[in-house]
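Remarks on the structure that follows.
Nothing in this text is a laboratory measurement; each read-out follows from the coordinates by a stated rule. Every value quoted in this text rests on a predicted model; they were computed, and no experiment measured them. In this analysis, Cβ positions are derived from the backbone assuming ideal geometry, glycine residues included, and neighbour counts consider all displayed protein chains.
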Amino acid sequence: MRPAVLATRATFPEVTARLRQHFELEDNPTDEIWSRDELIRRLQGKIGVMSTGTERIDANLLDACPGLKAVCNVGVGYNNIDVAACTRRGVVVTNTPDVLTETTADFGFALMMATARRIGESERFVRRGEWRKTGIHDHFVGSDICGATLGILGMGRIGRAIARRGALGFGMRVIYHNRSRLPANLEAEVGASYVDKSTLLRESDHLILVLPYSSDSHHAIGAAELAQMQPHATLTNIARGGIVDDAALADALRKHTIAAAGLDVFEGEPDVRSELLSLPNVVLTPHIGSASTKTRLAMAALAADNLIAALGAGELAGKPPTPVNPEVLRGSNP
Ligand code: DGY
């Protein structure tokens, strides 16, 4: 009998068809959200899973599913997975970097621009039928993107793609802060200068967050950080909920400590704090940073390639393209 795998969420038919060439696939075409118990039940007898950020893959789950050999996430972020626990058990973890970089950078820029130029707020105004007078000199005035200072917190692939857009496309001064500084040639290529976090907060006209979530980045932007930002500044979060303290942000937006925020990710999503829902100066989107058809297909296809290869099948057998814990593949896990 062929090995059995699980795809936890609905995906593209061409991707399920490819998985079915190699495995007995249990999929989820109606895209139900399974409870944890249901997920564990469905994982029994499976050796691999194509997962998403919705499922928490931790030590308890791994203990309950001892047959699991590969966890292949659809997404570049993998904070839903306890990688150390997987590595200890010899479970390969993969993610989907690169294929989503430019699409996510486009979206980050779009959300930042919508936030700075008050597009959500003014669109709602028109839809409500409240636009009765043209030419009002200060009607929905926002702040400029071109020529402004763009601050980037986190400087991985997506951060660098955003920096390039800002520096080359919009003539922005680009500053960034990251755990490690980029080599000088890469800084020059993307047109960004390294600053400490406090300078980033104080000098950014538009601050965008693109760092991975971990216990170290939990509430990297809270009340103290928001207090350092300029009153005309905007904050855009396309990284992960939990990096921003949403309660502190709602407070800052209400008090106009900063001008506006654009949020694609939230603490406890899909629930969004009621304060954020009722504030006019925040643009809210439902975690769609990588959501172009081409990119979502590329992500799912890469996750499937990873699963096939991690489980020893296909042309890349034993060599999944984008492993998170390659030490497991080398057999050198502790
Ligand atoms: C990612 O790729 O990490 C996106 O946030 C989708 O979860």
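Structure above, values below:
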read-out: HN-Hα J in Hz across the range 179-190 - Karplus 6.51, -1.76, 1.60, θ = phi - 60°, x for Gly and Pro; value: 4, 10, 6, 6, x, 4, 5, 6, 4, 5, 5, 9
read-out: Assigned charges on the beta-carbon of Lys, Arg, Asp, Glu; the range 101-284 dipole about Cα centre (debye); value: 400
read-out: Magnitude of the charge dipole, the range 1-145, Cβ model with Lys/Arg +1 and Asp/Glu -1, debye to 20; value: 160
read-out: Peptides ranked, highest mean first, by Cβ atoms within 10 Å: ranges 49-60, 233-244; value: 233-244, 49-60
read-out: Reach of LYS255 by Cα under 17 Å, taken over aspartates and glutamates that are not fewer than 8 positions away in the same chain; value: GLU225, ASP245, ASP246, GLU275
read-out: Most positive-pole-ward Cα, VAL126, GLY169, ILE158, against dipole of the range 101-221 from beta carbon charges; value: VAL126
read-out: DSSP H segments from the chain that extend 20 Å or more along their own axis, Cα-based, with Kyte-Doolittle mean of 0.0 or above; value: 101-116, 293-310
read-out: Dipole of the range 1-107 [Lys/Arg +1, Asp/Glu -1 at C-beta], most positive-end residue of ASN80, GLY67, HIS22; value: GLY67
read-out: Cα-Cα separations in the chain greater than 31 Å, expressed as whole percent; value: 39
read-out: Interchain or long-range residues, amide H under 5 Å from THR236's placed H; value: LEU207, ILE208, LEU209, GLY262
read-out: Dipole magnitude of the chain, debye to nearest 20 (Cβ charges: Lys/Arg +1, Asp/Glu -1, about Cα centre); value: 380
read-out: Ranked by how many other beta carbons lie within 10 Å on average, peptides 26-34, 222-230 from highest; value: 222-230, 26-34
read-out: Per-peptide average of other Cβ atoms within 10 Å, ordering 132-144, 151-163 highest first; value: 151-163, 132-144
read-out: Whole-angstrom gap from the range 7-65 to the range 138-153, using each part's C-alpha centre; value: 43
read-out: Per residue convex hull volume, Cα atoms of the range 101-284, in Å³; value: 118
read-out: For the chain, calculated [θ]222 nm from helices alone, where every DSSP H run of n ≥ 4 adds -39500 (n - 2.57); value: -10000 deg cm²/dmol
read-out: Ranked list, fewest to most other Cβ atoms within 10 Å of each Cβ, for TYR176, TYR213; value: TYR213, TYR176
